[in-house]
Ligand code: IYR
């Protein structure tokens, strides 16, 4: 197999997609070319119902805040399984489903992950990221101490699979693995919110390989998101932020 090249940019889904792991060796397609197509049963709702449902979903999602202070109260495994199943409904390039969700509840593993993140964040805050970065984040009152990584009952880690693995070790292309997994991450956020839980969307800088090691994930998996999941601490605070109004985020043509 080979890497990169202009031909592969096209095969991987175009410019801007991560084509770093596109392979040119041929393997049997994941789905047979004569796969049956079935009629789709769609439960259409009225315009009024649609307006009501979309407003209610907005109201629910607008309650979501990034939470950095968690209660140690347990969250049933079944809830975690359900929200990961929701994330797994995300669309993906050629239906390759290029993601793995690791749910950590083991306190020792959480501690190991916390140690890695805090070590890297110390460097990020002290020197790696520079003054502008530190200043731009001041209002969040974050620092390199990440208590939530051991306090929250669950850590959800979202890995993108940059390629697939056949049982015999040959590799299969995973098209659009970054955007597909990022979309699944967004759906995961919605699932967490509608399950009555809280989270923090973090993208641990420079921690990927070490965390991949701790969790014993294979080399085709790259860490995209690390999300503590649980209930906010009773005394949790959030910055007094507002969101852009519709007029600023929407353009109608
Ligand atoms: N990753 C660091 C700093 C940080 C960066 C951004 I951009 C944020 O929106 C929030 C935090 C940390 O987790 O502290």
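Scanning the range 76-88 turns up one or more residues that are closer than 23 Å to residue 31 by Cα and free of Cβ contacts under 8 Å to residues at least 12 places away in the same chain.
Taking the conditions exactly as written (within 16 Å of the ligand (Cβ to nearest atom), within 25 Å of residue 227 (Cα to Cα) and in a helix (DSSP H, G or I)), does residue 78 satisfy them or not? So residue 78 fails the test. Among the residues of the range 175-188, are any in a helix (DSSP H, G or I), within 16 Å of the ligand (Cβ to nearest atom) and closer than 30 Å to residue 127 by Cα? Within the range 175-188, one or more residues are in a helix (DSSP H, G or I), within 16 Å of the ligand (Cβ to nearest atom) and closer than 30 Å to residue 127 by Cα.
When every residue of the range 215-226 is checked against the conditions, none turns out to be at pLDDT below 95, touching a strand residue (DSSP E or B) at 6+ places or on another chain (Cβ under 9 Å) and assigned to a strand (DSSP E or B).
Taking each residue of the range 46-75 that is within 20 Å of residue 234 (Cα to Cα) and in contact (Cβ under 8 Å) with a residue 12 or more places away in the chain and looking for partners that are assigned to a helix (DSSP H, G or I) and within 16 Å of the ligand (Cβ to nearest atom) with beta-carbon atoms closer than 6 Å, six or more apart or interchain, yields 68/148; 70/148; 70/151; 72/151. Taking the numbered list (1) part of a helix (DSSP H, G or I); (2) at pLDDT 95 or above; (3) under 21 Å from residue 241 (Cβ atoms) in turn, residue 134 passes all entries but (2).
Is it the case that the range 143-154 has a residue that's more than 16 Å from the ligand (Cβ to nearest atom) and outside any loop (DSSP other than H, G, I, E, B)? Yes, the range 143-154 has at least one match.
Only one of 5, 13 is surrounded by 13 or more Cβ atoms within 10 Å (Cβ to Cβ), out of contact with any strand residue (DSSP E or B) (no Cβ under 9 Å at 6 or more places or on another chain) and modelled with pLDDT under 70. Can you tell me which?
Residue meeting the stated conditions: 13.
Please state which one of 192, 187, 214 is farther than 30 Å from residue 54 by Cα, touching a residue at least 40 places away in the same chain (Cβ under 8 Å) and in contact with a helix residue (DSSP H, G or I) (Cβ under 6 Å, 6 or more places away or on another chain). Just a single option satisfies the conditions, and that option is 214.
Selection of the range 203-236 for residues being surrounded by fewer than 18 Cβ atoms within 10 Å (Cβ to Cβ), within 14 Å of the ligand (Cβ to nearest atom) and at negative phi yields 203, 205. Can you say whether residue 128 is within 30 Å of residue 91 (Cα to Cα), more than 21 Å from the chain's Cα centre (by Cα) and touching a residue at least 12 places away in the same chain (Cβ under 8 Å), as far as the supplied structure shows? Taking the combined requirement at face value, the residue does not satisfy it.
The values are calculated or read from the model by the stated rules, or taken from the named source; none is laboratory data. This one's a predicted model, so the numbers in the text were calculated from it and none came from an experiment. In this analysis, Cβ positions are derived from the backbone assuming ideal geometry, glycine residues included, and neighbour counts consider all displayed protein chains.
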